[in-house]
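*Asks:* One structure coming up, written as structure tokens, with questions to follow.
The values are calculated or read from the model by the stated rules, or taken from the named source; none is laboratory data. All values derive from a computational prediction rather than experimental measurement. A quick note on method: Cβ atoms are made from the backbone with ideal geometry, for glycine too, and the neighbour counts reach across all protein chains shown. These area figures cover heavy atoms from the full protein model, side chains too; ligands, DNA and RNA do not enter into them. Shrake-Rupley method; radii C 1.70, N 1.55, O 1.52, S 1.80 Å.
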Amino acid sequence: MSGLRLLLLAGTTEARQLASALGGRQDFRVTASLAGATRAPQPLGVPTRIGGFGGREGFAEYLRHERIGAVLDATHPFAASISHRSSEVCAELDVPYAQILRPSWRPLDGDRWEFLNDETDATRFIEADATVFLATGRQTLDRFAPLADRTIYARQIDSAPDSFPFPNGGWVIGRPPFTVDDEVRLFERLGVDWLVVKNAGGSASRSKLDAARLLGIRVAMIRRPMQPDALKLETVAAAITWARRLA
């Protein structure tokens, strides 16, 4: 089979769109890679591997063994360690690399945001009697331990794998996308005072911020980690153009 061997580091809406756009082309052989954070990911329509590469050396060996001709990084903006490692290994092996990095969210009129450097900053702002909705993912819940005396709700895609890690509150199970009306009804039902989110950017998951603005809910916005010093593309269209130039 001919075509550029392209590794798509996936896990976002943009990755799904890229898999659809590039997977059916004759000039590409696309393989997607998922970290495995979601136990039952929806199929991407291209050959997909799930799980880590075995660290830096494992990733380098995979690129060499599979003769990968380019790496398109469409991971989450907070998967910075993956992006740093991938860009550095690609530079060492002279494999073209580009990161799709959607623009950060910015507050609009009526938003009530506080910016956090990391999860531990939350206790500086969130009152002891507040009801808090964590939309930050299961992997970092332990970092919110100082909020344990608040009422906490945490959303995840899969059914809850274990007991809830906080004494008050519980899991909220749901698979995106969610409309603004969905989020308004949920926040009203739970009596949410604070919404905690990572600044992921993008339109697909902004509905919770729009709902918070409508309800006057305060938002604790976690700033993005530093990203790699590498080529950055803001849109799927730009990523497709970049890949086509290499094919």
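*Asks:* Show the residues, 5+ positions off or on another chain, whose built amide H is closer than 5 Å to the amide H of Leu231.
*Replies:* Gln99
*Asks:* Can you give the angle from 0 to 90° between the axis of helix 13-23 and the longest principal axis of the chain, with both taken from C-alpha atoms, to the nearest 10?
*Replies:* So the inclination is approximately 20 degrees.
*Asks:* What are the ³J(HN,Hα) values, in whole Hz, obtained from phi via the Karplus relation 6.51 cos²θ - 1.76 cosθ + 1.60 with θ = phi - 60°, for each residue of segment 104-115 in sequence order, with x given for Gly and Pro?
*Replies:* 5, 6, 10, x, 9, 4, x, 6, 10, 9, 10, 9
*Asks:* Hey, if we sort Arg206, Arg175, Arg138 by accessible area with the 1.4 Å probe, largest down, what's the order?
*Replies:* Accessible-area ranking of Arg206, Arg175, Arg138, largest first: Arg175, Arg138, Arg206.
*Asks:* Can you give the convex hull volume of the alpha carbon atoms of the chain per residue, in Å³?
*Replies:* Cα convex hull per residue, to the nearest whole number: 128 Å³.
*Asks:* Give me the distance in nm between label points sitting 7 Å out from Cα along the Cα-to-Cβ direction at Arg185 and Ala128, one decimal.
*Replies:* About 3.7 nm separates the two model spin labels.
*Asks:* What do you get for the angle between helix 55-65 and the principal long axis of the chain? Use alpha-carbon atoms, 0 to 90 degrees, nearest ten.
*Replies:* The angle comes out at about 30 degrees.
*Asks:* Given axes a ≥ b ≥ c from the Cα gyration tensor, I'd like to know whether segment 7-52 is rounded (a/c under 1.5), prolate (a/b larger than b/c) or oblate.
*Replies:* Note, shape of segment 7-52 comes out prolate.
*Asks:* With unit charges on the beta carbons (Lys and Arg positive, Asp and Glu negative) and the dipole taken about the Cα centre of the chain, which residue among Pro47, Gly137, Thr235 sits farthest to the positive side?
*Replies:* In the chain, that residue is Pro47.
*Asks:* In addition: Assuming R0 = 35 Å, what is the FRET efficiency of Gln26 and Met226, from their Cβ-Cβ distance, to the nearest 0.05?
*Replies:* That pair, Gln26 with Met226, gives E of 0.35.
*Asks:* Related question: Which order do Leu72, Leu215 take when ranked by solvent-accessible area (1.4 Å probe, heavy atoms of all protein chains), largest first? Could the numbers behind the result be given before it?
*Replies:* Numbers: Leu72 0, Leu215 65 Å².
Order by accessible area, largest first: Leu215, Leu72.
*Asks:* Using the Cα gyration tensor of segment 100-232, with a ≥ b ≥ c the square roots of its eigenvalues, what is the shape: rounded (a/c below 1.5), prolate (a/b larger than b/c) or oblate (neither)?
*Replies:* It is rounded, given that a/c, with a ≥ b ≥ c, falls under 1.5.
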